[in-house]
Number of protein chains: 2
Amino acid sequence: MISVVIIGAGNVATHLYRAFKAAENISVIQWYNRNLDTLKPYAKEVEIVNDLSALKEADLYLLAVSDDAIKSLTNKLPFENRLVAHTSGSVGIYDIDKKHKRGVFYPLQSFSKAAKLDFANVPICIEALESKDYHVLKNLAISIGSPTKKVNTDQRRVLHLAAVFVNNFTNQLYRVAHEITESEGAEFDLLKPLILETAKKVQDLSPYKAQTGPAKRNDKKTMRKHLKLLNETPHHKAIYELLTESIQRTHGRKKL
Amino acid sequence: MISVVIIGAGNVATHLYRAFKAAENISVIQWYNRNLDTLKPYAKEVEIVNDLSALKEADLYLLAVSDDAIKSLTNKLPFENRLVAHTSGSVGIYDIDKKHKRGVFYPLQSFSKAAKLDFANVPICIEALESKDYHVLKNLAISIGSPTKKVNTDQRRVLHLAAVFVNNFTNQLYRVAHEITESEGAEFDLLKPLILETAKKVQDLSPYKAQTGPAKRNDKKTMRKHLKLLNETPHHKAIYELLTESIQRTHGRKKL
């Protein structure tokens, strides 16, 4: 049995809380948040607290709080030599106050409030300074059915950055596609199977091998047609030009 | 029963051929290609030809050839007043020689050689000048299990352009993420569940509502960290800056 105190009440904290509660060998002994109101709906099933001095002894104190709060919050924790881990992609392990045993438990996935999440699809990137602590964090991840990977701070930082490319930036390309189709009253819905297929393709094939289209085959006529359609939306045109150039750089084609 | 002559032997032609063969009420009576060698593997199951003058009468002549070949090829067809449709996203319906009944049968999906394709996931965008011809093309699509949509030439052109954004450009963002992770020896594989989740999310939610991340919430500290990591790869940095700006434009945030 792993005993855990969760600190924070955002999306990541809430999803982790639910997964921990559903796991057989994890006991959430307290859930802390500065503002207790957010936690009130859970008061019947877990002890909720907003006073750091009331924290009980646990195998792990898991901080799912904003990046900026990690350093000072770990400093304020009124105990030492216990395992304290944060869940951030971009904060270093040494930002945790050195009076603690330190770790990182970074779930590499997009968390939204409503959607249910299957933790089998959430790789957990784990970092710890001591082997014993690493195994506590790894067992925690395994207990909620997540794949795990040992990842150091530098690797975690580039994963966090890469996640912005495949999640936020990709989603923005969907948004631009939405604007482009609506400009002629065409249905964005027609693109949804292609969106899914594009994501599925790279599950088995490298993005390099999966690439197709006018930029890769240097089909200048089609690219000219596309650029003409974008003449009145220069910010869409700039994205078209930059990503076309990027594809041609990757695939050794000449520039536009 | 709809009788079809397929013209062309690329990926689209081959996938359509297989789907037509498997459909109960479609008869592929001939398959034409200038170079007959490409079609040889199919010679036992369908009549293959490389001579336009040998084409038999059919309900539909479906051209799955390169965009540039459509106009002249339809002009060379040695008959008139029969239904001739192309499968291109960016070529107008009037590029088909006017001696024919004209149509467009544009499958909005990415076709690769190897991967099997379920046509239930391939929306067919249909255009025709006569209602009767429209219904032939629509029945053809329904017979292979595809959803259909009436789409005019302008709408088809923006769909084709938008497809480049959600397919080729998105795939290039995956590629950039691959390069970024590899730079620190981190595993691109860890991003695959996130890639899939991002694509799934917009199946039910608009890309606007699905957006998250540092650009949307104007988290300058995280963005500065990311830009610093990209200092040595200016072409990746340029993509980061442009797509961040695009997200902030969409969500009414200030520029970086």
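Rule-based calculations on the coordinates, nothing more; no lab input. All values derive from a computational prediction rather than experimental measurement. Backbone-built Cβ (ideal geometry, glycine too); neighbour counts: all protein chains shown.
One residue stands out in segment B:164-191 among those that are facing chain A (nearest Cβ under 7 Å) and charged (D, E, K, R): the one that is surrounded by the fewest Cβ atoms within 10 Å (Cβ to Cβ), namely B:E187. Filter segment A:230-250 down to residues that are in contact with a His (Cβ under 9 Å, 6 or more places away or on another chain) and facing chain B (nearest Cβ under 7 Å) and give me whichever is surrounded by the fewest Cβ atoms within 10 Å (Cβ to Cβ). My answer is A:R249. Does B:K21 qualify as being in contact (Cβ under 8 Å) with a residue 24 or more places away in the chain and in a helix (DSSP H, G or I)? So B:K21 fits the description; yes.
Can you find even one residue in segment B:212-222 that is buried (at least 23 other Cβ atoms within 10 Å of the Cβ), farther than 18 Å from A:D189 by Cβ and of a type outside the set (V, I, T)? Yes, that holds for at least one residue. Residue pairs whose Cβ atoms lie under 9 Å apart, separated by 6 or more positions or on different chains, with the first residue in segment B:199-226 and on the phi > 0 side of the Ramachandran plot and within 7 Å of another protein chain (Cβ to nearest Cβ) and the second crowded, with 18+ Cβ neighbours inside 10 Å and hydroxyl-bearing (S, T, Y), are B:G213/A:S110; B:G213/B:T222.
Return the residues of segment B:1-52 that are of a type in the set (D, E, K, R) and closer than 19 Å to B:L73 by Cα; say none if nothing qualifies. Please lay out each step first, then the result.
We begin by selecting, within segment B:1-52, every residue of a type in the set (D, E, K, R); these are B:18, B:21, B:24, B:34, B:37, B:40, B:44-45, B:47, B:51.
Hits for segment B:1-52 are B:R34, B:D51.
Given the structure, is B:L161 surrounded by 23 or more Cβ atoms within 10 Å (Cβ to Cβ), aliphatic (A, V, I, L, M) and either in a helix (DSSP H, G or I) or more than 9 Å from chain A (Cβ to nearest Cβ) (or both)? The answer is yes for B:L161.
Table: residues versus (1) in a loop (DSSP other than H, G, I, E, B); (2) under 19 Å from A:V12 (Cβ atoms); (3) of a type in the set (S, T, Y).
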position: B:Y174; (1), (2), (3): no, no, yes
position: B:A186; (1), (2), (3): yes, no, no
position: B:P193; (1), (2), (3): no, yes, no
position: B:T198; (1), (2), (3): no, yes, yes
position: B:V202; (1), (2), (3): no, no, no
position: B:N231; (1), (2), (3): yes, no, no
position: B:H236; (1), (2), (3): no, no, no
position: B:E241; (1), (2), (3): no, no, no
